[in-house]
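Chemist: Quick one: this structure, given as structure tokens, is what I'll be asking you about.
The values are calculated or read from the model by the stated rules, or taken from the named source; none is laboratory data. Because the structure is a prediction, the values reported are computed rather than measured. Cβ atoms come from the backbone with ideal geometry, glycine included; neighbour counts cover every protein chain shown. These area figures cover heavy atoms from the full protein model, side chains too; ligands, DNA and RNA do not enter into them. Shrake-Rupley method; radii C 1.70, N 1.55, O 1.52, S 1.80 Å.
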Amino acid sequence: MTHIYNLQFTFLLVLLCHTVEQVNGVWPLPQKIDVSADRYSLSPQLFSFTYGKYSAAQSGCSVLDAAFKRYFSIIFPDFMDGSASGLHHHMWSEPKPFGVSVSVKTKGCDGYPDEDSNESYNLSVSEGQAVLTSVSVWGALRGLESLSQLVYQDDYGAYFINKTEIVDFPRFAFRGLLLDTSRHYLPLHAILKNLDAMAYSKFNVFHWHIVDDPSFPYQSRTFPDLSNKGAFHPFTHIYTQSDVMRVIEHARMRGIRVIPEFDSPGHTQSWGRGQPDLLTPCYKGSVPSGTFGPVNPTLDTTYKFMDRLFKEVKSVFPDSYVHIGGDEVSFSCWQSNPDVRKFMEKMGFGKDFTKLESFYMESIMNMTTALNKTSIVWQDVFDYHERIPQDTVLEIWKGTTEQYYAELSRMTKAGHRVLLSAPWYINHISYGQDWRNSYAVRPQNFSGTEEQKKLVIGGEVAMWGEYVDATNLNTRLWPRACAAAERLWSDEEKTLNADLAFPRLEEFRCKLLRRGIQAEPLFVGHCKHEYNSF
């Protein structure tokens, strides 16, 4: 009888071992990670977050207090929804307390992340405890995310974590995601949900392309007619000041910067509906055609308007960066306008309309500099040989691999900091695993010195909105954007092989589903917890 019992017991142990998932990886891959086969069971009832004795941040730190609650829910999803979990493993061992001790060297709990934020962290998981240390609260947030990805469940709902050592920091300081809220209005909940997904992938910049030709949803205090007349609808399709504050605070609590873009002189058709005389009247022969082109760069009133608008932007958006656009300016309307031609002659520009755009963009950059803001501009501004303040950040958005490498060489040789976005325009879709193309990008693989390569401060995934609204935003973005997230965070030499990355990304996609992100499949297969409407 004893022999039969021992066989049954052994069988159950083998069964239990097989139901525990293999140790999951972390996405994006940490700089150094060592995971042991030693594992420890976790009980939600006996799990706690605490501040280290010598931590500069203590209870009352808004960013980390909120993160502890948020990550408890993420780590123990079954416990939070009231379903039974972990009962089976209690048959084999008594649950033991497990504490996560978090220590940061600097406070910063009430501030905003910025270009100099230190996101490094060390994480050590051993029996009964995890010790997370970082320089700043922003690094602690990244460490908590990695910790949450280390926890896994068996088929009976029991939670486990393995003995782990992580030393981690981002490869690039700027890891951005652009959302376009002009071509289609994205409701507030969709933006907040994407900020959550960004934090899971360790993105740290939300580039809010908030207005463009089709609509002007930003509700300005100074110029309310911009949204009253320029939004798709003046009440339902706008972002109030309260909405903007909510986005900025939601992002701050996740260590994400919010950089708005007010693109001009092109992409401004919606602006003209609420601001008379801002746009250039186009002519057909000697008479106005009734249509309008880019912002009119010849009028003093244009610059007075832009100065007041950017003063408001400075008061609303706390980040030191602002994107001022400068791309895709059509010169045909300027060419047709007799007043513009006279201005060109007066200024000695001849018939070179790139000089007129240069004149306008230099004026805007001077405004933002006076407001202590760092400007980001699209590559067109550099390509027109405009006199660009040295601290201006240039963003590459077009070209083949060879072309954007050449552009990287030219821009960094001129001493400018650069963002790479061209290979990550993932609003373009194709059948198959197109994430592999994003994963293969090598942002510093251009011809230049080591000093030049340091001027590449990061990159951005862009999700333009011609064919995207809240119905398909999440599925189109995730997990495709995660490929760029790993490229911008992780050691390139350790993450060159997409085939090796695939199982880890597939598992991370399942984690996104469990967390309520409608991430599309990577290929044939299934997740243990398939998406439901949450």
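Chemist: Pick out the one residue from Lys311, Lys304 that is outside any loop (DSSP other than H, G, I, E, B), surrounded by fewer than 19 Cβ atoms within 10 Å (Cβ to Cβ), basic (Lys, Arg) and free of Cβ contacts under 8 Å to residues at least 40 places away in the same chain.
Modeler: Answer to the selection: Lys304.
Chemist: Please go through region 322-344 and pick out each residue that is of a type in the set (Ser, Thr, Tyr) and within 17 Å of Lys355 (Cβ to Cβ).
Modeler: Within region 322-344, Ser330, Ser332 qualify.
Chemist: Can you find a residue in region 163-179 that is modelled with pLDDT under 95, within 25 Å of Leu42 (Cα to Cα) and surrounded by fewer than 18 Cβ atoms within 10 Å (Cβ to Cβ)?
Modeler: no
Chemist: When region 216-254 is examined, which residues are found to be assigned to a helix (DSSP H, G or I), among the aliphatic types (A, V, I, L, M) and open to solvent by less than 30 Å² (accessible area, probe 1.4 Å)? It would help to see each step written out before you state the result.
Modeler: In the first step, residues of region 216-254 are kept if they are assigned to a helix (DSSP H, G or I); the result is 225-230, 241-252.
Among the residues that remain, those that are also among the aliphatic types (A, V, I, L, M) are: 226, 244-245, 247-248, 251.
If the condition is that a residue be assigned to a helix (DSSP H, G or I), among the aliphatic types (A, V, I, L, M) and open to solvent by less than 30 Å² (accessible area, probe 1.4 Å), then Leu226, Val244, Val247, Ile248, Ala251 are the ones that fit.
Chemist: Look through Glu486, Glu451, Glu493, Glu402 and report the one residue that is over 26 Å from Val377 (Cβ atoms), assigned to a helix (DSSP H, G or I), open to solvent by 10 Å² or more (accessible area, probe 1.4 Å) and not small (Gly, Ala, Ser). Break it down into steps so the answer makes sense when it comes.
Modeler: Numbers: Glu486 fails: open to solvent by 10 Å² or more (accessible area, probe 1.4 Å); Glu451 fails: over 26 Å from Val377 (Cβ atoms); Glu402 fails: over 26 Å from Val377 (Cβ atoms).
After ruling out the rest, the residue left standing is Glu493.
Chemist: With respect to Arg257, is the statement that it is touching a strand residue (DSSP E or B) at 6+ places or on another chain (Cβ under 6 Å) and either open to solvent by less than 40 Å² (accessible area, probe 1.4 Å) or more than 19 Å from Leu371 (Cβ to Cβ) (or both) true?
Modeler: yes
Chemist: Going by what's in this entry, would Ile396 be described as surrounded by 20 or more Cβ atoms within 10 Å (Cβ to Cβ) and either touching a residue at least 60 places away in the same chain (Cβ under 8 Å) or over 21 Å from Trp464 (Cα atoms) (or both)?
Modeler: Spelling it out, it is not the case that Ile396 is surrounded by 20 or more Cβ atoms within 10 Å (Cβ to Cβ) and either touching a residue at least 60 places away in the same chain (Cβ under 8 Å) or over 21 Å from Trp464 (Cα atoms) (or both).
Chemist: Name the residues in region 342-386 that are among the aromatic types (Phe, Trp, Tyr), over 26 Å from the mean Cα position of the chain (by Cα) and not in a helix (DSSP H, G or I), would you?
Modeler: Selection gives Phe349, Tyr384.
Chemist: Quick check on region 127-170: of everything there that is among the polar types (S, T, N, Q), without any contact (Cβ under 8 Å) to a residue 40 or more places away in the chain and assigned to a strand (DSSP E or B), which residue is farthest from Arg254 (Cα to Cα)?
Modeler: Taking region 127-170 as the starting set, the residues that turn out to be among the polar types (S, T, N, Q) are 129, 133-134, 136, 146, 148-149, 153, 162, 164.
From what's left, without any contact (Cβ under 8 Å) to a residue 40 or more places away in the chain: 129, 134, 136.
Within this subset, residues satisfying the condition of being assigned to a strand (DSSP E or B) are 129, 134.
On the way: Gln129: 24, Ser134: 15 Å.
If we take residues in region 127-170 being among the polar types (S, T, N, Q), without any contact (Cβ under 8 Å) to a residue 40 or more places away in the chain and assigned to a strand (DSSP E or B), then Gln129 is farthest from Arg254 (Cα to Cα).
Chemist: From the set of residues in region 468-478 that are more than 18 Å from Asn204 (Cβ to Cβ) and part of a loop (DSSP other than H, G, I, E, B), which is least open to solvent (accessible area, probe 1.4 Å)?
Modeler: Val468
Chemist: Which ones in region 352-393 are among the aliphatic types (A, V, I, L, M) and open to solvent by 10 Å² or more (accessible area, probe 1.4 Å)?
Modeler: Within region 352-393, Met367, Ala370, Leu371, Ile388 qualify.
Chemist: Next up: Kindly check whether there is at least one residue in region 289-296 that is of a type in the set (Ser, Thr, Tyr), in contact with a Ser or Thr (Cβ under 8 Å, 6 or more places away or on another chain) and either modelled with pLDDT under 95 or under 24 Å from Ile388 (Cα atoms) (or both). Before you say what the answer is, go through the steps one by one.
Modeler: Our first condition is that a residue be of a type in the set (Ser, Thr, Tyr); within region 289-296, this holds for 289, 291.
From the residues that got through so far, the ones that are in contact with a Ser or Thr (Cβ under 8 Å, 6 or more places away or on another chain) too are 289.
Those still in the list that are either modelled with pLDDT under 95 or under 24 Å from Ile388 (Cα atoms) (or both) too: none.
Taking every residue of region 289-296 in turn, none turns out to be of a type in the set (Ser, Thr, Tyr), in contact with a Ser or Thr (Cβ under 8 Å, 6 or more places away or on another chain) and either modelled with pLDDT under 95 or under 24 Å from Ile388 (Cα atoms) (or both).
Chemist: Oh, and also: If you check every pair at least six apart or on different chains, which have Cβ atoms under 6 Å apart with a residue in region 244-266 that is on the phi < 0 side of the Ramachandran plot first and a residue that is in a strand (DSSP E or B) and of a type in the set (Gly, Ala, Ser) second?
Modeler: Asp263/Gly325; Ser264/Gly325
Chemist: Checking the condition crowded, with 16+ Cβ neighbours inside 10 Å and over 22 Å from Phe223 (Cβ atoms), which residue from Ser330, Ser320 passes?
Modeler: After ruling out the rest, the residue left standing is Ser320.
Chemist: Would region 47-69 turn up any residue that is surrounded by fewer than 15 Cβ atoms within 10 Å (Cβ to Cβ), modelled with pLDDT of 95 or more and of a type in the set (Lys, Arg)?
Modeler: yes
Chemist: From the list Asp339, Asp319, exactly one residue is at pLDDT 95 or above and in a helix (DSSP H, G or I). Which is it?
Modeler: Values: Asp319 fails: in a helix (DSSP H, G or I).
Checking each option against the conditions leaves just Asp339.
Chemist: Here is a further query. Residue check: is Ala130 surrounded by 21 or more Cβ atoms within 10 Å (Cβ to Cβ) and either touching a Pro at 6+ places or on another chain (Cβ under 6 Å) or closer than 22 Å to Arg515 by Cα (or both)?
Modeler: Considered against the rule, which asks whether it is surrounded by 21 or more Cβ atoms within 10 Å (Cβ to Cβ) and either touching a Pro at 6+ places or on another chain (Cβ under 6 Å) or closer than 22 Å to Arg515 by Cα (or both), Ala130 comes out as no.
Chemist: Looking at the structure I just gave you, is Thr280 more than 30 Å from Gly143 (Cβ to Cβ), crowded, with 22+ Cβ neighbours inside 10 Å and of a type in the set (Val, Ile, Thr)?
Modeler: When the stated conditions are applied, Thr280 passes them.
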